[in-house]
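To start, the structure itself, in structure tokens.
Each value in this text was obtained by applying a stated rule to the coordinates, not by laboratory testing. Everything numeric here is computed off the predicted structure, so don't read it as measured data. Every residue, glycine as well, gets a Cβ built from its backbone with ideal geometry; the counts of neighbours run over all protein chains shown.
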Amino acid sequence: MNTLLLARLQFAFTIGFHYIFPPLSIGLGLLLVIMEGAYLKTGKAVYYQMTRFWVRVFGLIFAIGVATGIVMEFEFGTNWATYSRFVGDVFGSALAAEGLFAFFLESVFLALLLFGWDKISRKMHFFSTVMVALGAHFSAIWIIVANSWQQTPTGHQIVAHGLKTRAEITDFWAMVFNPSTVDRLSHTIMGAWQAGAFLVISVSAYYLLKKKHIDFARTSIKIALAVAVLASLGQLLTGHSSAVMIAEHQPAKLAAFEGHFPASAPADMYLLGWVNDEQEQVFGIRLPGILSLILYGDTNTPVTGLRSFAPEDRPPVNIVFQAYHLMVMIGMTLIGLSLLSAWLFQRRRLLKNILMLKILMVAVLLPQIANQLGWIAAEVGRQPWIVYGLLRTSDALSKSVGAGAILSSLILFTLIYLLLFALFVFLLDHKIKVGPAAEDLITATHMADS
């Protein structure tokens, strides 16, 4: 394997593994705010018990997320030095904002969230929960800003420094609100809310199947289902908005999503299929003109296709096509699953429906898989550009790092991350099996009486 492929594989592996945890932090942060807010409003002990239990889980997720995120910062400098020089002015401001307004905020109030239960007032503790949740969301904002600038760069100028060039910010807010930021941020947040909601749903379904902690599980699943329905429908709306944006600003990526090769012709939408890149053909089940209809409201409106771009400027179509369609299939499944489960819950049928509870218990994997597939579709879809239209991925590598060094570090990271994942699964499984503490109910009752 060559240096470029190994460097891309290493970054894909490290960021893919890291991306398991931030969506859970964001989604679970929102649910913690709802749970503790419900406790403050109603005084019911079960809400206090729920908040205490899920805060413990949140702390575990946050710790593993921080540990796995640090590596990527170093990879920018080791494997992608040319890229780092080129985007340093842009990324430096975005990552500094992320550290100042997000990570610092989240870290400071996390201590109060975890250890301040009997040391600060209820309202102050709730305020800490809100700040931690906001910090998790702010972190997503600045990371998405930086990544979206790579997709649709604006608010900059290209400046020569000797034989090298770099992008320098000319308009900070134009950089922040580049054409893809809002759409990509809203779509990412919905996916994170789904991940958090289905984690709570999965654990609650497990308790209901085991006939343990029934009141806790019933109340938890009620809240999580409401968030799951909102987020799943939100994914549909934000996904449509993102597709319209991509059609305007990254037409090669959109064409790869649906395997649309004609330079300018009405575009079909495929339910599933397989792309032969060499023959420029797609074999599958298609809906004629539907992509044109979704984008422009007319089945006869032409859509820019891959033949409008030189072969060297096209992404690898089949990888992007498969990732995109699997993501959409999972997204539609989550919509159906959320709505059906909410309907069954309202009709008091869900808690005794063994098959549905088993499905919900394993459905925790679906948002995670969809998030990973969405990342693959977005990042592979902008190839061969690492900064769209400005810097090719092949030109962004460090000049002094060889394939051997990258391969050895990739093997080492893989082993360490597998160990971390095994530790995470073991600790999470232990927390779930121990379950919510009965003494939390007693504590909440005493606080209500006092």
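Table for the structure above
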item: Value of Rg/Rh across region 27-70 [Cα atoms, Kirkwood radius]; result: 1.11
item: Relative contact order [Cα under 8 Å, 6+ residues apart], the chain, whole percent; result: 21
item: Radius of gyration and Dmax over the Cα atoms of region 93-136, both given in Å; result: 11.3, 39
item: Angle between the chain longest axis and helix 214-249 axis [Cα atoms, degrees, rounded to 10]; result: 20
item: Normalised contact order of region 206-336, rounded percent, pairs of Cα under 8 Å and 6 or more residues apart; result: 26
item: Around Glu98: net Lys/Arg minus Asp/Glu count, Cβ-Cβ under 12 Å; result: -2
item: Percent of Cα-Cα distances greater than 18 Å, calculated over region 146-299; result: 71
item: Tilt relative to the chain, helix 81-98 - C-alpha long axis, 0 to 90 degrees, to 10; result: 30
item: Two-decimal Rg to Rh for region 351-417 - Kirkwood Rh, Cα set; result: 1.24
item: Charge dipole (debye, nearest 20) of region 4-156; +1 at Cβ of Lys and Arg, -1 at Cβ of Asp and Glu; result: 560
item: Estimated translational D of the chain in µm²/s (Stokes, Kirkwood radius over Cα pairs; 37 °C; 0.692 mPa s); result: 139
item: Largest-first principal axis extents of the Cα set of region 163-226 (Å); result: 68, 25, 13
item: Pair-distance profile P(r), taking every C-alpha pair of region 97-191, with 5 angstrom steps and integer %; result: 3, 13, 17, 15, 14, 11, 9, 7, 5, 3, 1, 1, 0
item: Given charges at Cβ of Lys, Arg, Asp, Glu: the chain dipole, positive-most of Leu428, Val108, Ala403; result: Leu428
item: Relative contact order, percent, region 70-153 [alpha-carbon distance under 8 Å, six or more residues apart]; result: 37
item: Region 290-329 versus region 209-264: alpha-carbon centroid distance in Å; result: 19
item: Convex hull per residue volume in Å³, alpha carbons only, for region 255-295; result: 65
item: Computed [θ] at 222 nm, deg cm²/dmol, the chain (DSSP H ≥ 4; -39,500 (n - 2.57); rounded to nearest 500); result: -24000 deg cm²/dmol
item: Net charge dipole size for the chain [Lys, Arg +1 and Asp, Glu -1 on Cβ; Debye, nearest 20]; result: 1660
item: Mean projected area in nm² (Cα convex hull; one quarter of hull surface) for region 1-60; result: 4.5
item: Equivalent ellipsoid semi-axes - Cα gyration tensor, region 290-384, angstrom; result: 37, 18, 7
item: Pairs from Lys44/Lys212; Lys44/Lys211; Lys41/Lys433; Lys44/Lys433; Lys253/Lys358 whose Cα-Cα separation, in the structure shown, is over 26 Å; result: Lys41/Lys433; Lys253/Lys358
item: Cα-based equivalent ellipsoid of region 1-106: semi-axis lengths in Å, sorted from largest, via gyration tensor; result: 37, 16, 9
item: Proxy reagent accessibility, fewest Cβ within 10 Å first, across Asp89, Asp395; result: Asp395, Asp89
item: Net lengthening on full extension, Ala81/Glu168 (0.36 nm per residue, minus Cα-Cα); result: 29.7 nm
